[in-house]
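I have placed the structure first, in the form of C-alpha cells, so that the comments after it can refer back to it.
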Amino acid sequence: MGSDCGPGGSQSRAVWCAHVDGWTTLHTNCDQSQRPSNQQNCFRVCDWHKDLYDWQLGAWSQCVSVSARTFGGMRPYVCNGGEEGIQTRDVGCVLKSDESPGEDTICEYFEPKPRLEQACLIPCPQDCVVSEFTPWTSCSKTCGTGLQNRVRSVLVPPLFGGSACPNLTEFQTCKPGACKGPEGVYSLRVGPWTPCSLPVSRPVRQAKRRKGKGGRERLGVKGQDPDTRELIQKKRTRNRLNRQESPFWDIQVGYQSRTVTCAHRNGSTVGLSLCQPRDLPGTIQTCILPKDCELSEWSDWVPCSKTCVDPNPNSPRGQRSRARRVVQFAVGEGETCQPLEETEPCDPQGDVIPPCATYTWRTTEWSDCRVDPLLSQQDRRRSNQTGLCGGGLQNREVYCVQANAELLTYLSNLKDKDDGQIPNQQKPSVPPLLSISFEITASRPVDSKFCDGLIPNTSQLCHIPCPIECEVSPWGAWGPCTYENCSVQEGKRGFKLRKREIFNEPTGGPGNCPHLVEAIPCEDPNCWYWQLIRLEECVPDLELQCGPGTQIPQVQCVNSTGSMVDKELCRGAPVPEPMICEVPCPKDCVLSDWTSWSSCSQTCSSKTMEGKQLRTRSILAYNAGEGGEICPNSSSLQEVRNCNEHACTVYHWQTGSWGPCAEDPSASALNTSAASRSAGGLNMKGPCSQGMQTRKVICVRVNVGQVPPKKCPESPRPGTLRSCRMPCKKDCIVTPFSDWSQCTPTCDAAGNIQKKKQSRNRIILQLPANGGVDCPEVLEEEKDCEAPKVCPGFRWKTHKWRRCQLVPWYIREDSPGAQETCGPGLQTRAVSCRRLDGAQADIGECLKFASTMPPVTQRCQLPCQDDCQLTNWSKFSSCTVDCVGVRTRKRLLVGRSKKKDKCKNTQMYPLSETQYCPCDKYNAQPVGNWSDCILAGGDRVESLLGMKVQGDIKECGQGYRYQAMVCYDQDNRLVETSRCNSHGYIEEACIIPCPSDCKLSEWSNWSRCSKSCGSGVKVRSKWLREKPYNGGRPCPKLDHINQVYEVVPCVSDCTQYVWVAEPWSVWKVSNVDLKENCGEGVQTRKVRCMLNTVDGPSESVEDYLCDPEDMPLGTRGSRLPCPEDCVLSDWGPWNRCSRPCSYNNSRERTAYTIRAPGAGRECPDTTEKEPCSLNLNCFHYFYNITDWSTCQLSANAVCGSGIKTRMLDCVRSDGKSVDLRFCEELRLERKWQMNISCVVECPVNCQLSEWSAWSECSHTCGQEGRMWRSRGVVQGSQGDGRPCPSQMEQWKPCPVKPCYRWQYSPWSECRVEEVVCGAGLRYRNLTCFVSDGSGEGEASMVEEDLCAALEMAVDQDKVIILKEACVLPCPGECYLMEWSDWSPCLSVCAKGAALDFGSVQVRSRAVMAQEPENLQLCPDPEWESRPCTDGECFEYKWMSSSWTGSSRIAWCQRSDGLNVTGGCPPINPPGDDNNFCDPPCQKPMSFCTEAGMCLCEEGYTEVMSSAGQLDQCAPIPVLEIPTAGDKKTDVKTSRAINPTLTVTTQPGRTGRTWYLQPFGPAKGQRNHLDRGRSTTD
C-alpha cells in the first residue's frame, strides 16, 4: 500500500436521484450527463505536513464599492464621510520549498483558511480648498487702463479624485485717469549673472595678442626702461600679497558678467537704444570661483570604547569612531563640508577579553534595634526610654561596590606577568583562584550610579525580647520553730520560716526574683512534732452511759514542713494528752462542739499588739431543773487564746544586681585557646571566653534595713558568684576611602577658571563594641581640584584683509565708465585656530568647539579719483549723563576729497553722527508663582556613595519660599537680574506645619474581673483627647463615644471570697414552757462575706463577691429539746450523688446522738435521704474554653511579639462556673493550648529618603524655568504609623535669564540697482533678539554682542542665508508671486478621527498681472504639497446670514473658523433658494440635494412618512471607524441582518451599515490623501 500519508488516496460519497419534493426515485429519472462523481482522489494529511505546507496570502485588491458590487454599477451617491467597500485577496495552500500550489484541505487540517475579503473604506473625493481672496491691489497704472488683482492660496490639495483647484487670481480693470503725456513703454532689464569663471591666463592672452598683431615679437626685458621694470615689480608684489597663504583655502578670484536689454511693455525685447539716454548698470564684477569642500579619506576606526565582556545582555554596546580632516574648505558657492566624524556601535574584539567590572549593592551592619522611633508623640516613655522592648526599627546604610575587583586585579596582574615572561614559557590554562588567599577587607565604595537593580532595604523591623518579670505566690503560713539544720541541733535558737514559690520564672533565671524566704528568730526549736489528726469519741469514765470522760487523740509525727516522718524522730517531743470531755445525761445541759479557732488577728506580736484567736460553742438543750448538769453562763461559751506570739522581727536575704562579666583568672588558659580558635571570625556575636559575675548579698530586717548576716538563717542564703561567658570584642570596620570625585574644570563668562573641590569618603560597616578598636574620626576628606591654568577652549583668529582685487583691466576695459585702478572688487583674509591662551591649535578643534567660522572673503571698493574718500568712523565719545546726554563719533575726508565740492555735501557724506547715551535704568519686579515652602538647610545633598536613611529628618518648621525676580531696562527689554542688584529671588519666610499624632488618654485601671468565680473579662479604656492633623498618626478605631477598649480574659479563684458564719445565737423559744425551757424556737447568726487568705478569712467585703448559692442560713427554726429528750448534733454534709445523675440514685446525710433520751423516749432518725435530681442536688461538670484575648504585650513594648491567652473554666451542668477542682477531681481531659504567640503590627511611620539634589533648570532661559527635587519612600507606613506625605517633589524658580536668539529680518524688496526690472537680489539681516521665553509678546532687538556666545543658527538651521536671487518684473509683465506660507498640517479624517493615510500640507503661488493685453501670456498658478506629521482633522460646514426676503448670504467655514472655498458638501448652500425641493426642506437638520430630495445632515437619519416624505431627522449613534493599525479585522454589520436579502434603500444611500476600516491603494501607489466617514441607513 505504500505510505499512509500524502497523495494517492481516494474519497467516495453516495449519489442518488431525488424528486424536487425530496423523495428518492430511480436513477434513470435524472439526467445521467449531470450526475456528480461519487469518487475523487484525496491527500491524506499527517502531522509532519505542517512543516511543509502553509497558507500564502495575496495582496488586498483595490477597494470596490459595496453598491457597485450589489447593483452592478455606480448609483447616484452623496458621499457622507466615505463609502463602504470590499477588498478581496487570493489565499492558497502552497508547498513552502518552492511555493507550488497544494490542496487547501492540507492547510485547513492545521489552521482555518484566512478570510478572502474584508470591509474597507473608500474615502470621499476631497475637492481643492482655497482661502478667501485678499483685498484688491492698487491699480497697476497711475493713468490709463490698468489692472487690479486679488489672490488666494491653496489650503487643501485635491485628493482622491476631488475637484481641481480654481484660479488663485482674479483680475479687474481700473482707470485712475487719463494720462497727460505719453506712457512709458520701454524699460531696462538686466539678466542674471553668469557663473564665476577665471580670466584667461597670460600665455593664452599673449598668444591671442600676438596673433592679433600679426606675430610681432615682444621686446625683451632687457630693452625695457627702468620705469617699466619698476611697474612690473610692483605688479608682482601686489599679486603675491593677493595670494592666499592658508593651506585650507584655494581662493581664486574670477569674474562674472550679465546682459542688459531693453524691454517693451508687451514683454518683447527691443533695441537697447530705445531705453537710452540713461546710465547703464555694470555688466562685469569680481567673484569667488566656487570650490567644493575637500575631505581626506576616513581614518581607521579607533578601538572600541568597550574593552570587556559584559555578562548582562542588555548592557549598552561600545562605540567606535573614525574621523577625517578638511583638505580644502568650501569657498564661494561650493558645497559645504560633510561631517568630519562618525560613530557606530561596536563590541570588543580579541581572543582574550576580560570581563567588565560588575557592581553590586553592599550594606553596613544593622544598627541596634530601637523602639523609640515607634513611639507616638504623646507617649510618656519618650522622656525615659529605659527598658523599652518589643518591636522596633533598625537601620543600615547601602552603598555600591565593584563586585569583581579582586578578579580583575588578578587578571591584570596575570596579563602583566604574561607580557614579561619568556615566550617559550607556557601560560597556566586555569587561573589558580583557589590558591589565592585574600585578606578580609571591605570593598571600596563607588558612585551609586554604577549599581542598578533593586536597592536593599535600609530599614527593617526588629525585636528586643521583653524581660519576663518574676511572679511569686503569696506568702505561706509561718512554720513551727525549728533548727536551721536538723542534723546539727544545737542551742535553743531557731527560726520560724515562711516561704513563697515562683509562679513565672523571669528572664535571667530565679536570681532575679525577690526573696522567697523570710525568717523570725524563735526559742526552743524542734525539728519534729506530733501532729493531731483527730480526737476519738468521748468515753465516759467508770463505764457509765453518761457523765465525764476522756477523748484519746490520734497523732502522727511530722517535720517542720508538715511532712509525715518516722515516729521514732518524735520520741523527744511532747505527745498530746487525752482531752477531758463529757457525755450529757438525759437531764444535763447539752453543748455543741467547739468551733475551729479563728485566724490570728495579728501576724506578729509586740508591746502594743498581740495576736488573738477565738472559738465558740452553743447550748443545744437546757438541763431539767434539779438533778441535771446546769448550762454554763455565756462567757463560758467562748474561748480566746494568744497566737503569733513571735516578735515582729522578720529577716531575709537581699541580693543586688549581678555585676559585669569579668575575666576569670582561673580560666585564663581556657580563654587563650578559645580566643585563638575564634580569631578568624570577622563579626562574631557569640561568647568568646569564660568569666565571672559577682553580686552583693546582705541580711535585711524588714522595715529597718541591713543587719549582721547572723540574723538571717544561713541555709537559704543566695550565692554571690556565678560563671558567665564574655562577649567578643568588636573592632570598628570601615571601608577604604572611595576614589576622589571627578573634577571638571568650568569657566565663568570672563574665561577665568572656577575653583572646585573634590572629595572622597568611607563608610562605617561595623561599630566597635566590648572594648574593640574605635572608629576613625575622619570619614570624609576634601581637597582643591587641580585645575589647568587656562580655561579649555578654542577660538577663531582672523588676520588682516588683503588688498582689494579687481577684475583684470583687459576684461572690463570696454565697460562704460570703467577705470583701471579703481572700482568694486573682492578681498580675502586668513583665518586660523587658537586656544584661549593664544596658542596655535589644529583647525579641526575650532570646527568642533568654536563658534561659526568668520568669513574669509568680502566685497571691497577701490576708490577712484572722483570718489569721495573718508576715514573710518571713530569710536563714540564717552557719555557724561545717562539717558538725557548724547555721544558723537566723527570721520574725515581724505586727500583730494577735501577739495571736492560734492564731498563737502554733509547730507550725502556726513562727517559726524550723534545718538542719545544709553540708559542704565533698570526696573525689577516679581514674576511667576511662589515656590513650595523649603525648609532652611534643606539643600543638603546626600552623598552618592552611601544612601543613608535618617529617621528624624527635619520635615516641618520654618522654611522659605521663593519668587523669581525679573529685570527690565528702560526699553522694557529683559536683562540679567544682576543689573537690578538682585540675586534673582524674593525670599519670604513660611511655615510647614508639623504633623500632630492622634492623642489619647492613658490607659485607665483594669476593671475588676467580671466574675468572682471562674473565668471572666476585665476591661480598660482610653479616650480621645485630640484628633490627628497635618498627616499625624491616625487614631485607632474608636467607638461612638470616641473610646478604645482593651478586653482580656481573667480568672477569679472561687475560694477568694468565702462566707463566714458566726455561732448560732441562744434559742428564742416561741412557745415557752417555763418549767422545762424547751419547745419550738428560733436561732440566728450573722453571716458575712470575707476575703480568704492563707491565714484564713481576713476582712469583710461586699456580699455580692461571694456566691449567694453557698450563703449559709442566718436563721433557723427548730424545736429546742426538752429534758430527757434525745439531742442530736447538726446534720453533717450531704454525701455526693453518684454520676451520671439519676433520679433512681439518692444521697444522704447523718447526725449523731449527743444526749441519749430518757426512759420511754427515742431518738429520731439520724440519717436523711433525698433522691439525686440533675441540676438540683446533682451536677455534671465540663470544661469551657474562653475566646482568645487580644495580643498582650509587655508594659514596656509598643508592638511586636506578644501572647494571646484564654482561660479554662469549670462549668456546672446548670451553667454556673465553679472551682476548677470539681473538673479536676473528675479527671476531665484538658486538650486545649492556653497560650499562643502573636504579633502586634508596629506603628511604623513613613520613612523618606533625603531630598535629592536640585535638578537642572527646566529652561535654559526665560522666566518659566523651574528646578525640582524629589524624595522617595524608604519605608512605607505600617499599622497606625504616620502616613507618607503627599508632597514628594518640591520646586523653586530658576533665576530669570534673558532668552537670546538669532532671528531673520523680513526679506527686502527685490533690488536691481538703478534699473527698472530684471534679475536682482533681496536681502535680510541676522539680528539678535531677546525675549522672556514665554512665547507671548514680541521679542526685542538688542546688540549683537549678546548673541555672540550662541551658535549661528535660526530655528536650529545652521545654514544662514542672508541674500537670494529674485526677479523684479518689468512693467507690463505677468508673473508668479512668491510662495505662500505652508498651510497647517492636515490629516484625512472620517467622523473627526484621522485615518491611516498620512498627513499633508500645501503652499501655492498665484499670478499677478499688470497689463490687460498681456493676460494671455500669464503663467499657470502653481501649488505643491509635502508630507508632514501630527496633522489635524478639520470639518467644513455651511454658514449663513439671516434671511433677507427670500435669500441670505451663505459661505463655507472650516472648523478652525477660517472661511474657505470648497470643502463643504456639494449641495445647494443654505443661501440659495430652498424651494428647489418640492415640498421645501423645512425640517430641522435637513437639506435639499441636487436630485431634488430632502435628506438629513451628517449625524442624522431620515424618518419618512407613509407618503414617502421626510418626516423628521433623528440623530444616529456615532459609528466608530477603526484605523488600519487596528488588530480587529473581522467584518461585522452594525445590525443583525442577512446581507443576502434585499433591503429598502434610499437614493444616494447604501443598504448595509458596516464597521469600516480605511483602505490603501496598492503597494507603492499611495499617492492620495482623503478624509472619510461611514454612511448609515
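So the values come out like this:
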item: Point-to-point label distance, Arg1324-Glu781, nm (Cα→Cβ direction, 7 Å offset); result: 6.0
item: Trypsin sites (Lys or Arg not before Pro) within region 785-821, DSSP loop, no more than 16 other Cβ atoms inside 10 Å; result: Lys789, Lys800, Arg803
item: Label-to-label distance, nm, for residues given as Asp1511 and Asp250 (7 Å Cα→Cβ offset); result: 8.9
item: Gain upon complete extension [Glu1338, Asp4; 0.36 nm per residue less C-alpha separation]; result: 471.6 nm
item: Segment Arg722-Ser1129, extension gain: residue separation times 0.36 nm, minus the distance between their alpha carbons; result: 140.2 nm
item: Estimated FRET transfer efficiency when R0 is 56 angstrom, pair Asp47-Thr360 (beta carbons, to 0.05); result: 0.70
item: Among 1160-1172, 1023-1035, the order from most to least packed when residues are scored by Cβ within 10 Å on average; result: 1023-1035, 1160-1172
item: Test item: Cα-centred dipole of the chain, Lys/Arg +1 and Asp/Glu -1 on Cβ, debye; result: 8220
item: Inter-centroid distance (Cα atoms) of region 292-312 relative to region 1314-1348, Å; result: 41
item: Average accessible area per residue (Å²) across the chain - probe 1.4 Å, nucleic acids and ligands excluded; result: 62
item: With DNA, RNA and ligands ignored, accessible area of Arg13 (1.4 Å probe; Å², nearest 10); result: 150
item: Net charge contributed by nearby residues that have their C-beta within less than 11 Å of Arg322 (K/R +1, D/E -1); result: -3
item: Ile630/Asp1103 FRET efficiency (R0 51 Å; Cβ-Cβ; nearest 0.05); result: 0.85
item: Spin-label zone in region 33-51 - amide nitrogen under 18 Å from a point set 7 Å from the Cα of Val15 along the C-beta vector; result: 33-42
item: Cross-link pairs Lys1011/Lys1086; Lys1018/Lys1231; Lys449/Lys783; Lys607/Lys696 - those with Cα-Cα distance over 27 Å; result: Lys607/Lys696
item: Centre separation in Å (Cα based) which lies between region 111-159 and region 903-925; result: 52
item: Set of aspartates and glutamates with alpha-carbon distance to Lys1169 below 13 Å, sequence-local pairs under 8 removed; result: Glu1148
item: Among Phe495, Val856, Val1244 - extreme Cα towards positive end, dipole of the chain, charges at beta-carbon; result: Val856
item: Percentage relative contact order, the chain, counting C-alpha pairs under 8 Å, at least six apart; result: 9
item: Ordering of 1496-1508, 184-196 by burial proxy (mean other Cβ atoms within 10 Å per residue, highest first); result: 184-196, 1496-1508
item: Gyration tensor (Cα) of region 1108-1177, equivalent ellipsoid semi-axes in angstrom; result: 30, 16, 9
item: Whole-number D in µm² s⁻¹ for the chain, Kirkwood Cα-pair radius fed into Stokes-Einstein, 10 °C, 1.306 mPa s; result: 31
item: Structure-based [θ]222 nm, the chain - -39500 (n - 2.57) summed over DSSP H runs of at least 4, per residue, nearest 500; result: -1500 deg cm²/dmol
item: Pair Asn1184, Ser321: separation of 7 Å Cα→Cβ label points (nm); result: 8.9
item: Packing-based order for 366-375, 576-585, 959-968, 836-845, using average beta carbon neighbours within 10 Å, highest first; result: 959-968, 366-375, 576-585, 836-845
item: Solvent-accessible surface (1.4 angstrom probe) belonging to Val807, in square angstrom, nearest 10; result: 10
item: GluC sites (Glu not before Pro) restricted to DSSP loop in region 1230-1304 with at most 16 other C-beta within 10 Å; result: Glu1241, Glu1256
item: Loop GluC sites (Glu not before Pro), region 478-555, which have at most 16 other Cβ atoms in a 10 Å radius of their Cβ (DSSP); result: Glu490, Glu501, Glu536, Glu537
item: P(r) histogram, all alpha-carbon pairs of region 267-396 included - 5 Å bins from 0, percent; result: 2, 7, 8, 7, 6, 5, 5, 5, 6, 5, 6, 5, 5, 5, 5, 4, 4, 2, 1, 2, 2, 2, 1, 0
item: Cα-only radius of gyration and Dmax that characterise region 550-662, units Å; result: 23.0, 90
item: Probe 1.4 Å - accessible area at Phe248, Å² to nearest ten; result: 50
item: Residues with amide H under 5 Å from that of Gln690, placed H, sequence gap 5 or more; result: Asn671, Met726
item: Potential lengthening between Thr507 and Asp774 on full extension [0.36 nm per residue; Cα-Cα distance subtracted]; result: 93.0 nm
item: Charge dipole (the chain, unit charges on Cβ, about Cα centre) - positive-most of Ser1447, Thr24, Cys1261; result: Cys1261
item: Accessible carbon and sulfur surface of the chain relative to its total accessible area, %, 1.4 Å; result: 50
item: Euclidean distance between Cα centres, region 1414-1446 to region 698-759, Å; result: 87
item: Selection from Ile764, Gly1014, Thr343, by position along the positive dipole direction of the chain (Cβ); result: Thr343
item: Net charge dipole size for region 987-1116 [Lys, Arg +1 and Asp, Glu -1 on Cβ; Debye, nearest 20]; result: 160
item: Of Lys612/Lys1068; Lys797/Lys848; Lys800/Lys875, pairs whose Cα-Cα distance is over 23 Å; result: Lys612/Lys1068
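The values are calculated or read from the model by the stated rules, or taken from the named source; none is laboratory data. Since the model is a prediction, treat every value here as computed from it, not as a measurement. Reconstructed Cβ throughout: ideal geometry from the backbone, glycine too, with neighbour counts over all protein chains shown. For the accessible areas, the whole protein counts, side chains as well, though only heavy atoms, and no ligand, DNA or RNA atoms are used. Shrake-Rupley method; radii C 1.70, N 1.55, O 1.52, S 1.80 Å.
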